[in-house]
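Undergrad: Pasting in a structure now, in structure tokens, and then I'll have a few things to ask.
The values are calculated or read from the model by the stated rules, or taken from the named source; none is laboratory data. Computed from a prediction, not measured in an experiment: that's the story for all the values here. Using ideal geometry, Cβ is built from the backbone for each residue, glycine included, and neighbour counts are taken over all protein chains shown. SASA here: full protein model, heavy atoms, side chains in, ligands and nucleic acids out. Shrake-Rupley method; radii C 1.70, N 1.55, O 1.52, S 1.80 Å.
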Amino acid sequence: MRAGYPDFRLGAVLATSFTGTLSERHGNAVERIPTPQRLVDWLTVSGVAVDSCTPAQLDLARQLRESIHAAATAAALQDALPASAVHVINDCSAQGRAAAVLTPEGKRQWRLSSASRVEDALGVIAADAISIIAGERDGKLALCASPTCRAAFFDTSQSRTRKWCDMNTCGNRQKKARFNANQRKNPRAAE
């Protein structure tokens, strides 16, 4: 990763991992793709590598990211999906040219068009969002319990009761805050 930028928070689900490129949405927001090259870096580590990215393509990527977040949040809350978000997701899905291919190890991999355009990678992300929002995959959309985060994530745990988008960040932060509050209430508990 390039120095000077926050680490990527990669998840197992491409679409919700992409929405995580803007974290702490209700606190001090952290933009993890502030430049076109940073989007290229994220797409590379996410398995949909492209050759380059323009500022206009970065703007399109951010528009898709926010549309996926809005639609996933609505789905998690069982609200109506925002029409404008659905429109952006559908447009990105339709504009991309990518094919699912099977690797010798039996895994699905995405092959973008020969030009490796950002729009092709965004089409893959949009298609992934459609599959989770439409309920086609085993799991459920949920929102992070952290009041400063509230990221949409795809819960594939056996019980479907996961509370945090990432236990190593939001979960630990909340548990530490609860522990410290309990210590202030009952200082003898630490002795």
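Undergrad: Say we look at the range 71-83 and pick out the residues that are out of contact with any Leu (no Cβ under 7 Å at 6 or more places or on another chain) and not polar (S, T, N, Q); which of these is least open to solvent (accessible area, probe 1.4 Å)?
TA: The residue in question is Pro82.
Undergrad: I'm told Val86 meets every condition in (1) free of Cβ contacts under 8 Å to residues at least 24 places away in the same chain; (2) closer than 23 Å to Ala152 by Cα; (3) loosely packed, with under 15 Cβ neighbours inside 10 Å except one. Can you identify the failing condition by its number?
TA: So the condition that Val86 fails would be (3).
Undergrad: While we're on this one: State all residues of the range 1-60 that are surrounded by fewer than 17 Cβ atoms within 10 Å (Cβ to Cβ) and under 20 Å from Ser114 (Cα atoms); if no residue qualifies, say none.
TA: Of everything in the range 1-60, those that are surrounded by fewer than 17 Cβ atoms within 10 Å (Cβ to Cβ) and under 20 Å from Ser114 (Cα atoms) turn out to be Gln37, Thr44, Val45, Gly47, Ala49, Asp51, Ser52, Thr54.
Undergrad: It is to be established whether one or more residues within the range 152-166 are outside any helix (DSSP H, G or I), acidic (Asp, Glu) and without any contact (Cβ under 8 Å) to a residue 60 or more places away in the chain.
TA: Yes - at least one qualifying residue is present in the range 152-166.
Undergrad: Now for a different question. Which of the residues belonging to the range 118-142 are in a helix (DSSP H, G or I) and more than 21 Å from Arg62 (Cβ to Cβ)? Working first, answer last.
TA: Initial filter on the range 118-142 (in a helix (DSSP H, G or I)): 118-133.
Across the range 118-142, the qualifying residue is only Ser131.
Undergrad: With the requirement that a residue be surrounded by fewer than 22 Cβ atoms within 10 Å (Cβ to Cβ), farther than 23 Å from Val45 by Cβ and out of contact with any strand residue (DSSP E or B) (no Cβ under 8 Å at 6 or more places or on another chain), what does the range 96-150 give you?
TA: Scanning the range 96-150 gives Ala134, Gly135, Glu136, Asp138, Ala145, Pro147, Thr148.
Undergrad: Are there any pairs, at least 6 apart or on different chains, whose C-beta atoms fall under 6 Å, with the first in the range 99-117 and closer than 29 Å to Pro36 by Cβ and in a loop (DSSP other than H, G, I, E, B) and the second at pLDDT 85 or above and open to solvent by 70 Å² or more (accessible area, probe 1.4 Å), and if so, which?
TA: Final answer for the pair search is Ser113/Arg97; Ser116/Asp51.
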